[in-house]
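Read through the structure below, which is laid out as structure tokens, and then see the notes.
The values are calculated or read from the model by the stated rules, or taken from the named source; none is laboratory data. If you're wondering where the values come from, they're calculated on a predicted model, not measured in any experiment. Note: ideal-geometry Cβ built from the backbone for every residue, glycine included; neighbour counts use all protein chains shown. For accessibility, only protein heavy atoms count, side chains too; no ligands or nucleic acids. Shrake-Rupley method; radii C 1.70, N 1.55, O 1.52, S 1.80 Å.
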Amino acid sequence: MKYLTISILVLLGAVVLVSSCKDDEPCIETTWYEDADGDGLGNPDVSQSACDQPTDYVADNSDPDDASSSSPEGSTPIAAFDEFNPDAVTVSFDGNEITIESNGLPHHTSPYWATSNSLYIDPVVASVSEMSPGTINEGSYTVTVPASPKKASNTSATGLGAIGISVSGAPIFNDEEGPNISLSENVASGFDYAGGHMGPTGYHYHLESSDVTENTLLSHDDEKLVGILQDGFLIYGRKCNSTGDHPTDLDASGGHSSSTQHSDGEEFYHYHIINEFYIGSYILLFGVDLQGTPNTIM
Ligand SMILES: [Zn+2]
Ligand SMILES: [Zn+2]
């Protein structure tokens, strides 16, 4: 009996010893990287230290665009940036972000150029008496956007000033000429064929360009890229390359997900110029709310 008690105690002691030994087992923390898109490659920018592999984290850290394929909005196709005027626009890629810088000088003719400029032409659509004062001058527009922009939980109204950067390098404005002052037909009649005019901060577009022979660059009722808006989503002309026609599945912002001529069959979210007259026979570039999070254009 005594032996039995002793052996039970020894056994218990051994069990206690074994379990406490297990608790004190040294933990070697390693760094785990988030694998949001589930491709087995981790995001070098999102990590945590832990003994055990956390859910959705991997040891690998070689995925610079980890978020891309997990986002229903897709990634902005890099080929689209080849459309931007290289004399005005510089595009730089830094991991998950794209920075677009422009001097605001478009590479098309306009009566808003100084007469001494080689791109100056007499007005072809502008009513001279309604043209705004000033000539096109160098500016500075810079915006940094996500390479895989996402829709925000709420849409955002755009404000005065640049809401995007056009492929020409000139900034895109919305439908306002001042605080709560919408574009009028009089003001619009002073615009050049590019849909732009001068303002206190420089030359900018409000409208889709006109179908005139002088217009060789800008979108008019076609699939051309118009530019990029401040939430990082691209904006195309009234037609979509995915169907070759006016899209019929656009949301309230003129957006939808499809492939384009730049995306090699991949679907991604982008805007279109909405195929509706704004005032008279003028078509706005973008007069609705942004679906993504606006970044400041400095
Ligand atoms: Zn304006
Ligand atoms: Zn489209």
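Quick notes on this one:
- Size of charge dipole - the chain - debye, nearest 20, with Cβ of Lys, Arg +1 and Asp, Glu -1, no other charges: 500 debye
- Long-range HN-HN contacts of GLY255 with modeled amide H, under 5 Å: HIS272
- Accessible area in the full protein assembly, largest first, 1.4 Å probe, for GLU266, GLU130: GLU266, GLU130
- Length-normalised contact order for the chain - Cα pairs under 8 Å, 6+ apart - percent: 16 percent
- Cut-off under 5 Å, modelled amide H: who pairs with ALA147 long-range: GLU97, ILE98
- Local electrostatic count, SER127, Cβ distance below 12 Å [Lys/Arg +1, Asp/Glu -1]: -3
- Distant-in-sequence amide H partners of ASN61 (H built 1.01 Å from N, under 5 Å): GLY42
- Dipole magnitude for region 80-225: about 380 debye, using +1 per Lys or Arg Cβ and -1 per Asp or Glu Cβ, origin at the Cα centre.
- Of the GluC sites (Glu not before Pro) found in region 135-182, those in coil by DSSP whose Cβ has at most 13 other Cβ atoms within 10 Å are GLU138.
- Solvent exposure of PHE191, expressed as accessible area, is near 10 Å², computed with a probe of 1.4 Å over the protein chains only.
- For the chain: rounded, prolate or oblate by the Cα gyration tensor [a/c cutoff 1.5]: prolate
- Integer Hz, Karplus 6.51/-1.76/1.60 couplings in order for region 179-192, x for Gly and Pro: x, 6, 10, 6, 4, 10, 5, 4, 4, 5, 6, x, 6, 7
- Summing Lys and Arg as +1 and Asp and Glu as -1 over all other residues whose Cβ lies under 15 Å from the Cβ of GLY292 gives a net charge of -3.
- Chain lengthening between THR213 and THR155 when straightened (0.36 nm per residue, less Cα-Cα): 17.1 nm
- Residue-by-residue Karplus 3J(HN,Hα) for region 275-288, coefficients 6.51, -1.76, 1.60, Hz, glycine and proline x: 7, 9, 6, 8, 9, x, 9, 8, 10, 6, 6, 7, x, 10
- Averaging Cα coordinates gives a centre for region 87-116 and one for region 170-219; these two points are 16 Å apart.
- Carbon and sulfur %, accessible surface of the chain computed with the full protein complex present, 1.4 Å: 51 percent
- Per-residue ³J(HN,Hα) for region 259-268, Karplus 6.51 cos²θ - 1.76 cosθ + 1.60, θ = phi - 60°, Hz, x for Gly and Pro: 7, 9, 4, 9, 9, 6, x, 6, 7, 8
- Largest-first ordering by accessible area, 1.4 Å probe, given options TYR278, TYR57, TYR269: TYR278, TYR57, TYR269
- Gyration tensor (alpha-carbon) shape descriptor, region 159-215, a/c threshold 1.5: oblate
- Taking all protein chains together and rolling a 1.4 Å probe, LYS150 ends up with roughly 90 Å² accessible.
- Probe 1.4 Å - accessible area at MET131, Å² to nearest ten: 50 Å²
- For the pair ASP56 and SER116, label points projected 7 Å from Cα toward Cβ lie 5.9 nm apart.
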